[in-house]
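What follows is one structure encoded as structure tokens, with my remarks underneath.
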Amino acid sequence: MNLPNQLTIGRLFLTAFFVAAMSVKFPFHLTTAFFLFVVATLTDYLDGIIARKQGLITDFGKLMDPLAD
């Protein structure tokens, strides 16, 4: 599995933690959700840059990247 696809899968997991941080009240839950969102945004950006630059565009990425976004 190539790096852009790994970043996409990682973003799927980050989504679950983001939703949990937004849903469950704990100290700094909104700050935590914000930082998770920023990390997910960076992985999306890097995923696209790396995939296009290295020609690593796959059918898996075409399907999962929009779902992870």
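Tabulated data for the structure shown
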| quantity | calculated |
| --- | --- |
| Crossing angle, helix 59-68 versus the chain [Cα axis fit, 0-90 degrees, rounded to tens] | 20 degrees |
| Label-point separation in nm, Leu42 to Ile57, each point 7 Å along Cα→Cβ | 2.7 nm |
| Between 0 and 90°, nearest 10: helix 3-23 axis offset from the chain longest Cα axis | 20 degrees |
| Convex hull volume of the chain per residue (C-alpha atoms, cubic angstrom) | 66 Å³ |
| Per DSSP, loop chymotrypsin sites (Phe, Trp or Tyr not before Pro) in the chain with at most 10 further Cβ within 10 Å | Phe28 |
| Low-density loop cleavage sites - trypsin sites (Lys or Arg not before Pro) in region 9-67, where at most 11 other Cβ are within 10 Å (DSSP) | Lys25 |
| Contact order normalised by residue count of the chain, Cα under 8 Å, 6+ apart, percent | 50 percent |
| Between helix 29-54 and the chain: long-axis angle, C-alpha atoms, 0 to 90°, nearest 10 | 0 degrees |
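Taken together, the values in this text are just the output of simple stated rules run on the coordinates, not laboratory data. Predicted model only: the values in this text are computed from it and were never measured. Positions of Cβ are backbone-derived with ideal geometry, glycine not excepted, and every protein chain shown enters the neighbour counts.
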